[in-house]
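Here's the structure we're looking at; comments come further down.
The values are calculated or read from the model by the stated rules, or taken from the named source; none is laboratory data. In this text, all values refer to a predicted model and were calculated from it rather than measured experimentally. Note that each Cβ is placed from the backbone with ideal geometry, even for glycine, and that neighbours are counted across all protein chains shown.
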Amino acid sequence: MMRLARAAMLALEPEQAHRLTLQALKLLPWQKPAQDDARLAVTTLGLAFPNPLGMAAGFDKNAEVHNALLRLGFGFTEIGTVTPLAQPGNPRPRVFRLPAAGAVINRLGFNGQGHDAALAQLRASPPRGIVGVNIGANKLSADRRNDYLIGIAAFAAMASYFTVNISSPNTPGLRDLQGEAELDDLLARIQDTRAALPSRPPVLLKIAPDLTLAALDAIVNLALKHRLDGMIIANTTIQRPTSLQHLRHANETGGLSGRPLMAPSTRMLAETFLRAERRLVLIGVGGVDSGATAYAKICAGADLVQLYTGMIYQGPMLIAAMKRDLIKLLARDGYSNITQATGTKFKAWLE
Ligand SMILES: Cc1cc2nc3c(=O)[nH]c(=O)nc-3n(C[C@H](O)[C@H](O)[C@H](O)COP(=O)(O)O)c2cc1C
């Protein structure tokens with residue numbers, strides 16, 4: 001049944017399939033999620049994660065299915081990217097599957113309904129678990145930095161944590177905010193805004209996998225200087241590995257996600273772990289599609305992991321299977337809790 005449903009979904013145009021998936025999730029009967037094995041529990045960021053597997057940003061841009069995703073067995077989910085105003089994003093088609101590579105290219109461009117709509121959804125369906133809010137800027141904003149501050153203020157009472165997304169390749173100029181001077185200023189303003197709020201959710205910075213190591217040095221230093229809580233590594237890549245060369249859609253403009261992103265994003269994660277020396281919480285994302293790949297991220301330095309593209313190809317049964325496999329891997333390596341594996345093999349990923 002599930003395999004048939006998967007095949008049917010993959011036969012549809014990607015954005016249609018996504019809309020249908022969101023509708024199906026909304027119809028899921030309410031049920032309490034099964035209790036996770038205690039060995040998968042992670043306490044970090046002042047939050048108790050029942051397991052380390054999160055839905056990455058971009059799947060639930062408007063906070064329509066956050067509770068359904070938690071019921072499916074995710075340990076946490078991240079809504080957004082949300083922008084202050086609704087905006088349509090880029091013209092379609094703008095999402096492309098590369099099934100032979102287990103990959104997707106998207107150039108959505110922060111399509112979304114804006115802060116008010118996402119807030120209304122969160123109020124109508126208050127989070128029953130850990131729900132992060134990924135904030136971004138409108139394409140036509142006169143002051144993009146201010147869009148992030150507006151986002152922090154708007155969602156402060158609702159967010160388990162914030163992700164500052166300055167790494168989407170699909171809003172021209174956005175990644176310039178990763179530059180040292182720009183980022184120094186943005187992070188100072190974000191922390192000032194946060195300090196003035198009654199609730200102060202943790203703030204994480206989501207970076208691109210395409211940064212040079214010199215740029216990563218500067219970013220980690222700024223994250224520490226401004227006392228950020230953590231980093232999310234990484235967003236989609238604008239690189240196109242040669243292995244994709246002959247595949248249909250490989251040359252579409254946009255960010256590449258999925259299996260080809262596993263190695264470069266895990267390398268960047270390990271390089272961040274090396275620099276952060278456990279002073280930042282790290283969320284590893286990019287190419288996770290199994291218990292083994294999630295475990296590899298954790299051993300490379302991740303406290304938590306996220307995935308999106310793996311779910312597109314394998315469907316919702318993937319999460320339960322991943323949790324089973326993670327427990328087997330912990331037993332194999334003699335760990336009594338997943339947190340013991342964090343960073344144990346980061347050196348294997350360094351240049
Ligand atoms: C269709 C699509 C839309 C995405 N939208 C966002 C987004 O709005 N904000 C964001 O920070 N990341 C977004 N991402 C990036 C993912 O959160 C994640 O960082 C990336 O896809 C790598 O993980 P994966 O290989 O498991 O998909 C998107 C990814 C995809 C495939």
## Note on the structure
Filtering the range 132-163 down to residues that are β-branched (Val, Ile, Thr) and either closer than 21 Å to LEU69 by Cβ or out of contact with any strand residue (DSSP E or B) (no Cβ under 9 Å at 6 or more places or on another chain) (or both) yields VAL133, ILE135, THR163
### Task
Filter the range 306-351 for residues that are of a type in the set (D, E, K, R) and closer than 30 Å to GLN16 by Cβ and give the result.
LYS323
#### Entry: Every pair of residues 6+ apart whose Cβ atoms lie under 9 Å, when the first sits in the range 236-258 and is of a type in the set (D, E, K, R) while the second is in a loop (DSSP other than H, G, I, E, B) and surrounded by 15 or more Cβ atoms within 10 Å (Cβ to Cβ)
ARG240/ALA250; GLU252/ARG94; GLU252/ARG107
### Task
Would you confirm whether any residue within the range 102-116 is touching a residue at least 40 places away in the same chain (Cβ under 8 Å), outside any loop (DSSP other than H, G, I, E, B), more than 30 Å from HIS246 (Cα to Cα) and within 15 Å of the ligand (Cβ to nearest atom)?
yes
### Query
Which number in (1) surrounded by fewer than 20 Cβ atoms within 10 Å (Cβ to Cβ); (2) farther than 24 Å from ASP229 by Cβ marks the one condition that GLY46 misses?
(2)
### Task
Could you grab me the full set of residues in the range 23-64 that are within 16 Å of the ligand (Cβ to nearest atom) and at pLDDT below 95?
LEU25
#### Entry: Failed item, numbered, when GLN245 is tested on (1) polar (S, T, N, Q); (2) surrounded by fewer than 21 Cβ atoms within 10 Å (Cβ to Cβ); (3) modelled with pLDDT of 95 or more
(3)
#### Entry: One residue from LEU269, LEU330, LEU318 being surrounded by fewer than 22 Cβ atoms within 10 Å (Cβ to Cβ), touching a Lys or Arg at 6+ places or on another chain (Cβ under 8 Å) and part of a helix (DSSP H, G or I)
LEU330
### Query
Which one of LEU40, LEU45, LEU53 is farther than 19 Å from LEU318 by Cα, of a type outside the set (D, E, K, R) and touching a residue at least 60 places away in the same chain (Cβ under 8 Å)?
LEU45
### Task
Tally the residues that are touching a Gly at 6+ places or on another chain (Cβ under 7 Å) and outside any loop (DSSP other than H, G, I, E, B), restricting the search to the range 273-283.
4
## Note on the structure
With criteria (1) in a loop (DSSP other than H, G, I, E, B); (2) within 16 Å of the ligand (Cβ to nearest atom); (3) of a type in the set (Gly, Ala, Ser), GLY129 comes up short on (2)
### Query
Does ARG92 count as over 22 Å from GLN31 (Cβ atoms) and within 11 Å of the ligand (Cβ to nearest atom)?
no
### Query
Which residues, taken from the range 297-309, are surrounded by 24 or more Cβ atoms within 10 Å (Cβ to Cβ), within 14 Å of the ligand (Cβ to nearest atom) and not in a strand (DSSP E or B)?
LYS297, ALA302, THR309
### Task
Output yes when any residue across the range 204-219 is outside any strand (DSSP E or B), in contact with a Pro (Cβ under 6 Å, 6 or more places away or on another chain) and within 29 Å of VAL65 (Cβ to Cβ), and no when none is.
yes
### Query
If you go through the range 152-173 one residue at a time, do you hit one that is under 26 Å from PHE49 (Cβ atoms), touching an Asp or Glu at 6+ places or on another chain (Cβ under 7 Å) and within 10 Å of the ligand (Cβ to nearest atom)?
yes
### Task
Take the residues in the range 221-265 that are β-branched (Val, Ile, Thr) and within 18 Å of the chain's Cα centre (by Cα), then tell me which one is farthest from GLY284 (Cα to Cα).
ILE238
#### Entry: Among the candidates ALA214, ALA154, residue that is closer than 20 Å to ARG279 by Cα and of a type outside the set (Val, Ile, Thr)
ALA214
### Query
Is it true that some residue in the range 269-280 is at pLDDT 95 or above and within 15 Å of the ligand (Cβ to nearest atom)?
yes
### Query
Under 6 Å by Cβ, and 6 or more places apart or on different chains, what pairs join a residue from the range 307-323 that is touching a residue at least 40 places away in the same chain (Cβ under 8 Å) and closer than 19 Å to ALA11 by Cβ with one that is within 11 Å of the ligand (Cβ to nearest atom) and of a type in the set (S, T, N, Q)?
THR309/SER257
### Query
Any idea which of ALA250, ALA214 is at pLDDT 95 or above, more than 12 Å from the ligand (Cβ to nearest atom) and farther than 30 Å from ARG194 by Cβ?
ALA250
